[in-house]
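Trainee: Following this message is one structure expressed as structure tokens.
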């Protein structure tokens, strides 16, 4: 087994933030990219994803087996018992082929 590659290290770019009179420095504020288009942020995220894939490659089969077991225990097309909150009832349901539950009222 080859040693894992070194993890990517995000550069530090200090930015002062002032909230309610308190000043703090966030060295990683530059990673915030609501437009999902900053080339530096995207390059860093790709490097992190590549690193994770390299480090986790030895356990990929186990990951797939665990995922399949978890999926096998999920009852698809299921509805939870409704919960009353105020004048409304809320419940969750799972739908076949969907990854997330649907919150309903």
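Trainee: Within region 84-105, track down each residue that is free of Cβ contacts under 8 Å to residues at least 12 places away in the same chain and more than 17 Å from residue 72 (Cα to Cα).
Mentor: Hits for region 84-105 are 84, 85, 86, 87, 102.
Trainee: Right, next: Of all residues in region 65-76, how many are exposed (fewer than 10 other Cβ atoms within 10 Å of the Cβ) and more than 21 Å from the chain's Cα centre (by Cα)?
Mentor: Summing the residues that are exposed (fewer than 10 other Cβ atoms within 10 Å of the Cβ) and more than 21 Å from the chain's Cα centre (by Cα) in region 65-76 gives 3.
Trainee: Just checking, does region 53-75 include any residue being in the same structural domain as residue 4 (by TED's automatic domain parsing) and at positive phi?
Mentor: no
Trainee: For residue 81, work out the one condition from (1) exposed (fewer than 10 other Cβ atoms within 10 Å of the Cβ); (2) in contact (Cβ under 8 Å) with a residue 40 or more places away in the chain it doesn't fulfil.
Mentor: (2)
The values are calculated or read from the model by the stated rules, or taken from the named source; none is laboratory data. Predicted, not measured: the structure shown is a model, and the values here were computed from it. Methodologically, a virtual Cβ is constructed for each residue, glycine included, from the backbone with ideal geometry; neighbour enumeration extends over all protein chains shown.
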